[in-house]
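Everything on this sheet refers to the single structure shown next.
The values are calculated or read from the model by the stated rules, or taken from the named source; none is laboratory data. Please read all numbers here as calculations on a predicted model, not as lab measurements. Here Cβ is always computed from backbone atoms with ideal geometry, including for glycine, and neighbour counts include all displayed protein chains.
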Amino acid sequence: MRRAIGDDAAPVPVVNIANALTVFRIVLVPVFVVLLFVDDGHSTAWRIAAFVVFAVAAFTDQLDGRLARGMNLVTDFGKMADPIADKALIGAALISLSVLGDLPWWVTVVVLAREVGVTLLRFWVLRYGVIPASRGGKLKTLLQSVAIGLFVLPLSGAWHTAAWVIMIAAVVATVATGLDYVWRALAMRRDAE
């Protein structure tokens, strides 16, 4: 439903395709985790199945935002639920990989601390406005998704090295964008007072 500037059209309904994709991504999280843990995480076939579910969930992150903006379906629910869905997917994947011993806990702790911190910041400044996703945040999510996908797959050699290089880049982007969100939240709150 496109609206022209200045139209007094009805507000965008919360139940729309973009928000449905966000909710679908949340539903895929436990499916991904269950598949990853089949046979104690040592089954190549189940790891590949888990990767496919993870990839579909990660793809919906790109798709829901484009649909919301392209079809004028942006809602406050979507602005809040989308990053929560991202954090649920990324968090579940990192914790699962660490539990399986495939990823050191320090990576999981650094990423999750940033994600929880940014989520709390979003709620802290909610009455002043919504902090939109930044380009850096989108790059961070892409790097995390690619790195996690590679860690989920049963890879070795150069591919495993590539997974580590991308994961380190993701951790650096995670910390940098976390600091950016802190600065933007403080600025938003200062400007509102």
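For the stretch 130-146, the set of residues classified as more than 13 Å from the chain's Cα centre (by Cα) and of a type in the set (A, V, I, L, M) consists of VAL130, ILE131, listed by residue number. Quick check on ALA185: is it of a type in the set (Gly, Ala, Ser), out of contact with any Leu (no Cβ under 7 Å at 6 or more places or on another chain) and touching a residue at least 40 places away in the same chain (Cβ under 8 Å)? Criteria not met by ALA185.
Apart from one condition, PRO13 fits all of (1) surrounded by 13 or more Cβ atoms within 10 Å (Cβ to Cβ); (2) farther than 23 Å from GLY101 by Cβ; the exception is (1). Tell me which residues, restricted to the stretch 37-73, are part of a helix (DSSP H, G or I), surrounded by 14 or more Cβ atoms within 10 Å (Cβ to Cβ) and of a type in the set (S, T, N, Q). Residues satisfying the conditions are THR60, GLN62.
With in contact (Cβ under 8 Å) with a residue 12 or more places away in the chain and either in contact with a strand residue (DSSP E or B) (Cβ under 6 Å, 6 or more places away or on another chain) or not in a helix (DSSP H, G or I) (or both) as the only criterion, which of LEU139, LEU103 stands out? Answer to the selection: LEU103. Comparison of VAL109, VAL182, VAL172, VAL165 shows that the only residue that is more than 19 Å from the chain's Cα centre (by Cα), surrounded by fewer than 15 Cβ atoms within 10 Å (Cβ to Cβ) and outside any loop (DSSP other than H, G, I, E, B) is VAL165. Every residue in the stretch 16-36 that is buried (at least 20 other Cβ atoms within 10 Å of the Cβ), over 14 Å from the mean Cα position of the chain (by Cα) and either in contact (Cβ under 8 Å) with a residue 40 or more places away in the chain or not in a helix (DSSP H, G or I) (or both), please. Result: ASN16, ALA18, ASN19, PHE32, LEU36. Any residue at all in the stretch 82-90 that's part of a loop (DSSP other than H, G, I, E, B), at pLDDT below 90 and within 17 Å of the chain's Cα centre (by Cα)? Checked against the condition, which is being part of a loop (DSSP other than H, G, I, E, B), at pLDDT below 90 and within 17 Å of the chain's Cα centre (by Cα), the stretch 82-90 yields no hits at all.
Any residue that is out of contact with any strand residue (DSSP E or B) (no Cβ under 9 Å at 6 or more places or on another chain) and closer than 25 Å to VAL15 by Cα - is there at least one of those in the stretch 89-98? Within the stretch 89-98, one or more residues are out of contact with any strand residue (DSSP E or B) (no Cβ under 9 Å at 6 or more places or on another chain) and closer than 25 Å to VAL15 by Cα.
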